[in-house]
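Q: Mind having a look at this structure? Questions to follow.
A short reminder: the numbers here are calculations on the coordinates, not readings from a lab. Note that the structure is predicted; figures quoted are calculated from it, not measured. Because the Cβ atoms are built from the backbone with ideal geometry, glycine has one as well, and the counts that use them run over all protein chains shown.
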Amino acid sequence: MSDQISIPAVYMRGGTSKGLLFNQNDLPKDKFKLDKYLLAAMGSPDLRQINGIGGATSVTSKVCIISKSKQKNVDIDYLFAQVIVDKAKVDYGPTCGNMLSAVGPFSIEKGFIDAEENETKINIRSVNTGSIIEAVVPTPNKKLKYMGDFEIDGVPGKGAPILLKFKNIVGGATGKMLPTATPLITVNGIEVTCLDISMPMVMAKASDFGIIGNETSNELNNNLELLNKIEEIRVIAGAQMGLGDVSGKVIPKFALLSKPLYGGTITSRYFTPNTCHETHAATGTNCIASACLISDTIASQISQIEVKKENKVSVEHPLGSIDCFVETSLSNKDNKNDFIVSCGIYRTSRKIMDGNIYIPENLNDH
């Protein structure tokens, strides 16, 4: 016996993120108690997260809570939790497309889903946003395949490609593709685009913030004047998007956009929102790639690409690029909420550890 609580968990990399995955049945239903459990597991609040399993960055302090779905035509429910590194706070507002690539393999590993021959298609509902994602997981001979020849920028080595096809992703948080009703609004003298596709976002030209747009994430994170300016505009824009007071919240996200340098469609520096992402969020990629196809947005002004029914949009980020395959409904271009049909992204994942996480029995002492 011990004065710690043992909870089954799997530690996985999903895309360019990393975190813990739980069976919902192994966690408390009470939200206050759940928050305490997740904070203790990650070691928050602490900049080093030294007393937990968190990696001291937002992209390594994530939790996925998995359950068998009761909804028709849905296999798995996926609740995402962003555990804030330096605050005693768990945010259930956003979702995470990178960690989503670990949900399918976890569901097969834990017996929620039976593996099929060659590949297994799993319909996953994001509990946070209501969107439906089809994950296509490689399962040759009905066995999970983590290793392969597919590379994603920001992750050393190679893995087996997992296709994530995001559906009904428009207006998840605000009910509208364009929450401010127009592709452009002016905030503090700067033009921004506010979109709600897969992830509510505010986008602006990098040049309007006094940067080139190809800076490293470290350079931008050390630019406190820039970060303060971004936050001031994000809070004002968030209110105009109908999200209320977004101070201290992680949505909407923010992106500074510029011309591509390496043959892509557009360059993005994606803020989460208080730090620049070392690579790029999958949900944010969906939003920016879609914005490239929507008339008069900041992204479309920069990318200037021809809109087709099926579009490949390559978003350059600090460590490379990420491709997004956007399906549009050209016949519904004027019916804006129906214009973006789906977004597809290839990711890889890997199981790192399977066992138990231990947290203090008396969480008030933690």
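Q: As a test of understanding, state the convex hull volume per residue of the chain from its alpha carbons, in Å³.
A: So the per-residue Cα hull volume is 138 Å³.
Q: What distance in nm separates the two pseudo spin-label positions at ILE190 and LYS309, each 7 Å out from Cα along the beta-carbon direction?
A: 4.0 nm
Q: Let me ask you something else. Suppose R0 equals 45 Å; then what is the FRET efficiency for GLN24 and SER329 from their Cβ-Cβ distance, rounded to the nearest 0.05? If you can, show how the numbers build up before the last one.
A: Numbers: r = 35 Å, r/R0 = 0.78.
For GLN24 and SER329, the calculated efficiency is 0.80.
Q: Something else about it: May I ask for the angle, rounded to the nearest 10°, between helix 31-42 and the longest principal axis of the chain, with both axes built from Cα atoms and the value confined to 0 to 90°?
A: 90 degrees
Q: Could you give me the percent of Cα pairs per 5 Å distance bin for segment 99-164, shortest bin first, beginning at zero and ending with the bin that holds the maximum distance?
A: Calculated P(r), rounded to whole percents: 4, 18, 26, 25, 15, 10, 2.
Q: Size of the dipole of the chain about the Cα centre, Lys and Arg at +1 and Asp and Glu at -1 on the beta carbon, nothing else charged, in debye to 20?
A: For this selection, approximately 620 debye.
Q: If I fit a long axis through the Cα atoms of helix 97-109 and take the longest principal axis of the Cα atoms of the chain, what angle between them do I get, 0 to 90°, rounded to 10?
A: 30 degrees
Q: Using the number of other C-beta atoms within 10 angstrom as an exposure proxy, rank ASP3, ASP323 with the fewest first.
A: ASP3, ASP323
Q: How are the C-alpha pair distances of segment 234-312 spread across 10 Å bins, as whole percents from the shortest bin up?
A: Pair shares across the bins are 18, 46, 30, 7.
Q: Follow-up. Hey, what number do you get for the chain at 222 nm if only DSSP H runs of n ≥ 4 count, each worth -39500 (n - 2.57), divided across all residues, to the nearest 500?
A: Details: 6 runs with 63 residues, N = 366.
Roughly -5000 deg cm²/dmol at 222 nm, from the helical runs in the chain.
Q: Next up: Which whole-number percent gives the relative contact order of segment 185-344, counting Cα pairs below 8 Å spaced six or more residues apart?
A: Working: 307 pairs, mean separation 33.1, N = 160.
This gives 21 percent for segment 185-344.
Q: What is the distance, in nm, between label points placed 7 Å from the Cα along the Cα-to-Cβ direction at LEU261 and at ASP208?
A: 2.2 nm
Q: Which residue fluctuates most in the GNM of the chain (Cα springs below 10 Å): ILE298, ILE190, ILE76?
A: Maximum among the listed residues: ILE190.
Q: Could I ask something else about it? Based on the inverse mean of 1/r over its pairs of different Cα atoms, what is the Kirkwood hydrodynamic radius of segment 166-289, in Å?
A: Answer for segment 166-289: a Kirkwood hydrodynamic radius of 14.4 Å.
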